[in-house]
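Notes follow the structure.
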Amino acid sequence: MGILKQLEVDYDIEIVGDFLSHYAIMCENMEPLIIGLSKENRYGENIDDLFRIFHNMKSAAAFLRLDPIIKLAALCEDIVEEARMLRGPASEPFIDWLLLVSDQFEKYRKDVEGNAPFFTVLNPLIIKVPHMLERA
């Protein structure tokens, strides 16, 4: 049984549908926010929006017990929380890392919607969190 079918067995179909639609919106909004981190005048608002996205992803995925999404969202929430203390703009390695993360969340979305038997393996480059979050 695939991921989506298992969710439909375990939870009300409306809850699963709401999760999928909200998750897709969050995935769609992520990339423009990440790219905007390179601009000092957009950094503060964009980093706050990204923090909220990761927090909401973590919470929603926790309700449905989607462990790969929970773990990645929790990691991102922690890193972005640290980045919220900075003034920006973001360093290129941090932006590149966030873009990898965005791609991974998109793969997870396709896994669920496509009823894949398992989640896509985490891109190993995501484990290499950049040391410099802010441009020097």
### Task
Taking the residues in the stretch 110-136 that are charged (D, E, K, R) and within 29 Å of Arg42 (Cα to Cα) as candidates, determine which candidate is surrounded by the fewest Cβ atoms within 10 Å (Cβ to Cβ).
Lys128
### Task
Report whether or not Ala74 is open to solvent by 40 Å² or more (accessible area, probe 1.4 Å) and either assigned to a helix (DSSP H, G or I) or aliphatic (A, V, I, L, M) (or both).
no
### Message
Given the condition over 30 Å from Lys5 (Cβ atoms), out of contact with any strand residue (DSSP E or B) (no Cβ under 8 Å at 6 or more places or on another chain) and of a type in the set (Lys, Arg), answer yes or no: does some residue in the stretch 85-94 qualify?
### Response
no
### Query
Of the residues that make up the stretch 4-20, is at least one open to solvent by 70 Å² or more (accessible area, probe 1.4 Å), over 10 Å from the mean Cα position of the chain (by Cα), within 14 Å of Tyr108 (Cα to Cα) and among the aliphatic types (A, V, I, L, M)?
no
### Message
Conditions first: (1) closer than 22 Å to Met132 by Cα; (2) out of contact with any Cys (no Cβ under 8 Å at 6 or more places or on another chain). Ser102 passes all but one, so which condition is the exception?
### Response
(2)
### Query
With Ile95, Ile47 as the choices, which residue is touching a Ser or Thr at 6+ places or on another chain (Cβ under 8 Å), open to solvent by less than 50 Å² (accessible area, probe 1.4 Å) and under 30 Å from Ala136 (Cβ atoms)?
Ile95
### Query
Is it the case that the stretch 63-70 has a residue that's assigned to a helix (DSSP H, G or I) and among the aromatic types (Phe, Trp, Tyr)?
yes
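The values are calculated or read from the model by the stated rules, or taken from the named source; none is laboratory data. Source: prediction; values computed, not measured. Reconstructed Cβ throughout: ideal geometry from the backbone, glycine too, with neighbour counts over all protein chains shown. Side chains are part of the model used for accessible areas, which takes the heavy atoms of the whole protein and leaves out ligands, DNA and RNA. Shrake-Rupley method; radii C 1.70, N 1.55, O 1.52, S 1.80 Å.
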